[in-house]
């Protein structure tokens, strides 16, 4: 099954700081969507909203400073049961995030859109950690008429 | 084999303008790398350089205002013989580019990097066409210590 893959390096940050931005309501609100709520603990469900739509993510795996895994519990049909992971490691002065959104059923046009959009938000994560200021929804780059 | 997929919408542009930015030295220099040279015609080879390294692309298919297909003729080992396509269509006020970089042998870390980096450059293409100003190498967003 096709996957969306990304990598961003965050300069002069740390695995702990990146993990915090991926595992707290405050952190997630700072780079993905300002309308984030729910339970960020393992087994909890996070709610990400973007105006009319959004995603509910079950927090499946949390390894401090190392790994985060979500499974989509609710959202657009193409996203249901797909999994999203963030693997964190340090490389010299850079904290590296390897991102994977896997188990898409087919490489549909919406998957192309989501791939580019994930890059936009991962660059927002990088900006949040490097400068203190991300560009979460509704302030992120709009890619097409769907938004 | 895994593919990199992306989609960007360009507002108030046209399929002809997007095609021009993908098929002329001047256009390509405006969003991917300022160090672009070679023969942009079908059967020609385009040379894209980024300081020490870069890619040579054979122009395999050109359908005006509709489709561009390149095959990698020289570059990093992971890129050799992979193919890169841009499919263009109009959707209301938006010109849509569906991008695919296909035939990667394995989903290695470098593929994650290239996926995010393609998004950075496709947003540069969007910016070039919407505002007259892209962010080609060496002025694009740097994603990690490799750059």
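The values are calculated or read from the model by the stated rules, or taken from the named source; none is laboratory data. Quick caveat: nothing in here was measured; it's all calculated off a predicted structure. Note that each Cβ is placed from the backbone with ideal geometry, even for glycine, and that neighbours are counted across all protein chains shown.
Could you list all residues from the stretch A:49-72 that are under 23 Å from residue A:147 (Cα atoms) and either surrounded by fewer than 16 Cβ atoms within 10 Å (Cβ to Cβ) or modelled with pLDDT under 95 (or both)? Answer for the stretch A:49-72, where residues must be under 23 Å from residue A:147 (Cα atoms) and either surrounded by fewer than 16 Cβ atoms within 10 Å (Cβ to Cβ) or modelled with pLDDT under 95 (or both): A:49, A:51, A:52, A:53. Give me the residue from the stretch B:34-46 that is closer than 16 Å to residue B:121 by Cβ and surrounded by fewer than 21 Cβ atoms within 10 Å (Cβ to Cβ) and, out of that set, farthest from the other protein chains (Cβ to nearest Cβ). The qualifying residue farthest from the other protein chains (Cβ to nearest Cβ) is B:35.
Restricted to the stretch A:9-19, and to residues there that are closer than 19 Å to residue A:63 by Cβ and touching a strand residue (DSSP E or B) at 6+ places or on another chain (Cβ under 8 Å), the residue that is nearest to the other protein chains (Cβ to nearest Cβ) is A:10. Cβ-Cβ contacts under 8 Å between residues 6 or more apart (or on different chains), taken from a first residue in the stretch B:111-122 that is at the interface with chain A (Cβ under 7 Å from one of its Cβ atoms) and in contact (Cβ under 8 Å) with a residue 24 or more places away in the chain to a second residue that is surrounded by fewer than 23 Cβ atoms within 10 Å (Cβ to Cβ) and part of a helix (DSSP H, G or I), are listed as B:111/B:78; B:116/A:122; B:119/A:120. Residue A:68 - would you say it is under 14 Å from residue A:23 (Cα atoms), away from chain B (no Cβ under 14 Å) and within 11 Å of the chain's Cα centre (by Cα)? Spelling it out, residue A:68 is indeed under 14 Å from residue A:23 (Cα atoms), away from chain B (no Cβ under 14 Å) and within 11 Å of the chain's Cα centre (by Cα).
For the stretch B:137-144, the condition of being more than 8 Å from chain A (Cβ to nearest Cβ), touching a helix residue (DSSP H, G or I) at 6+ places or on another chain (Cβ under 6 Å) and part of a loop (DSSP other than H, G, I, E, B) holds for at least one residue. If the condition is being farther than 17 Å from residue B:99 by Cα, touching a helix residue (DSSP H, G or I) at 6+ places or on another chain (Cβ under 8 Å) and not in a strand (DSSP E or B), then the stretch B:28-55 contributes B:30, B:40.
Criterion applied to B:87, B:103 was being surrounded by 14 or more Cβ atoms within 10 Å (Cβ to Cβ), on the phi > 0 side of the Ramachandran plot and within 14 Å of chain A (Cβ to nearest Cβ), and the one residue passing it is B:103. Could you count how many residues in the stretch A:121-134 are in contact with a helix residue (DSSP H, G or I) (Cβ under 7 Å, 6 or more places away or on another chain) and surrounded by 17 or more Cβ atoms within 10 Å (Cβ to Cβ)? Result for the stretch A:121-134: 5.
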